[in-house]
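Novice: Handing you a structure now.
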Amino acid sequence: MSRCPLATAYPADPTAPSPETLAYSLTLPAALASPKLARAATRAFLAAHDLHRMMDAGLQAVGELTAVACQFTESVEFYLALRYRAEALRVIVYDSHPPHAHPRLAEECATRRRAALRVLACVCRACDGDWGFGKAREPGGGTRMWATLPRAGATAYGEAETPLTRTSGPLSEEAARNSRAGCLRPVTRWPRRNCREVDGRCSACRWSYRRAWQRMCEETGVAELTERSWSEAVGMYARRYTVAKVTSREHEDWALDVNTLMHGDTADNRGWSTKDSLLGEPERLDDAYYPFALRPDDPAATGAWRARLDEIPRSSAKRFLVALSTIWLNVEKEDNFEARRPGLEEKAEVILSRFPVGSRFFANTGHHSRDLDYYKRISGCNTISVHTWDLGPILVSETEVGMVWSFHAW
């Protein structure tokens, strides 16, 4: 049968698929089987477009994103899009879960979604890629999640050898089968014997999923944020005269929220642990903000207060948080620091994980704060308390503001 005589002549492109022509969109039911089906389709797409070496990272990203979409969507279906542009695989998933109008509900929902995507975060970091989620710009609304996997990084991810992998020789036939089947984590990275996929998960590996996540955190530096891990992280200031707490961001000018943090009765906005060495002390009876003397309590004067702080990068904030846990606020004077350093840095990572990519960090250590090595002696500060020496960072995200402030009561 011939084509319609009125149809414009647009013959099908006879050229073979190439990486640059990879562009697919799928509508999937919000069912438990959908992540497995999405990985199977992705496997076929990548193979057809000669992107076999990106298979491990691509399948894991698709599996994680579609599984989370099934959890959060409020409709009977969700959407998956795969594109290859600028030497990178782009995976985009849309679900119908709408953004919350209430800031606290929005932050709690985002925290849960971010926690569900922890494995994706590990994969993207290992591939030198990126990921995120936010409000969908499409007419139907909902939430858009995405991951970008550079070809070079995803290839290296799939071919990586670690102490956990085989010591020599090629993959066994069974292991190769499982890797192609889209196991929860590539066999070349997280091998286990008798690894077989059941209901979209590796049945033999399921029991060790928790440990697998912990190991991936260790490899990539991703911290796990829970109420318990937060309490343990803040606990590293138990020996110090310190105020460490977080509250909701209620003002466009975050300095006004810092003023709220300075009040002794301010609790954590999530109900989590805080550290306040003066809680219940007599000094607070006369002044609820003690020991803070310079406070950003006047909207017209917050600019002058913020001038006492300078922005620092996230890497510096991590080292600063560690330094503030030392007895003399000086890493160089801390006994046995190198032995304790990994544990302290892990706790600092937990604190920072509450403040996602795009957050800002400020320190009162002078105009050269950005370039300071906080593992060296800190030679100056712009004090904001009644004491002659106090140090700390202010941590600012779109939804929360935190402070970790330590004092010397000389």
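Novice: What is the Cα centroid distance between region 7-83 and region 362-383, reported in whole angstrom?
Specialist: Result: 49 Å between the Cα centres.
Novice: What is the extension gain from THR226 to LEU294, computed as 0.36 nm multiplied by their sequence separation minus the C-alpha to C-alpha distance, in nm to one decimal? Please report the intermediate quantities before stating the final value.
Specialist: Details: separation 68, 0.36 × 68 = 24.48 nm, distance 3.29 nm.
Answer, rounded to one decimal: 21.2 nm.
Novice: Relative contact order of region 227-408, please, whole-number percent, based on alpha carbon pairs below 8 angstrom and at least 6 residues apart.
Specialist: Computed over region 227-408, the figure is 31 percent.
Novice: Now for a separate question. Label HIS387 and HIS52 with points 7 Å out from Cα along Cα→Cβ: what is the distance between them in nm?
Specialist: 6.3 nm
Novice: What number do you get for region 38-104 when its Cα radius of gyration is normalised by 2.2 N^0.38 Å, N = residues?
Specialist: 1.29
Novice: From the residues ALA304, THR399, SER315, which one has its Cα farthest along the dipole of region 263-410 in the positive direction, the dipole being from +1 and -1 charges on Cβ of Lys/Arg and Asp/Glu about the Cα centre?
Specialist: Toward the positive end, the furthest listed residue is SER315.
Novice: So if R0 is 25 Å, what FRET efficiency would LEU37 and ALA115 give, r being the distance between their Cβ atoms, rounded to the nearest 0.05?
Specialist: With R0 = 25 Å, the Cβ-Cβ based efficiency is 0.50.
Novice: Here is a follow-up. Could you state the per residue volume, in Å³, of the convex hull enclosing the Cα atoms of region 331-410?
Specialist: 117 Å³
Novice: Testing the spin-label approximation: label points 7 Å from Cα along Cα→Cβ at GLU138 and TYR241. State their distance in nm.
Specialist: 5.8 nm
Novice: How many nm separate the modelled label positions at LYS376 and SER18, each set 7 Å beyond the Cα in the direction of the Cβ?
Specialist: Rounded to a tenth, the inter-label distance reads 5.2 nm.
Novice: In nm, what is the difference between 0.36 nm times the number of residues separating GLU338 and ALA267 and their Cα-Cα distance?
Specialist: 22.2 nm
Novice: Could you name the lysines in cross-link range of LYS275, using Cα to Cα under 19 Å and dropping any fewer than eight places away on the same chain?
Specialist: Filter leaves LYS245, LYS318, LYS347.
Novice: Which values of log₁₀ I(q)/I(0), to two decimal places, follow from the Debye formula for region 227-408 at q = 0.11, 0.13, 0.14 Å⁻¹ with a uniform point scatterer at every Cα?
Specialist: -0.42, -0.60, -0.71
None of the figures in this text is laboratory data; all of them are computed from the coordinates on show. Model, not experiment: these values are computed from the prediction. Don't worry about glycine lacking a Cβ; one is built from the backbone with ideal geometry, like all the others, and counts go over all protein chains shown.
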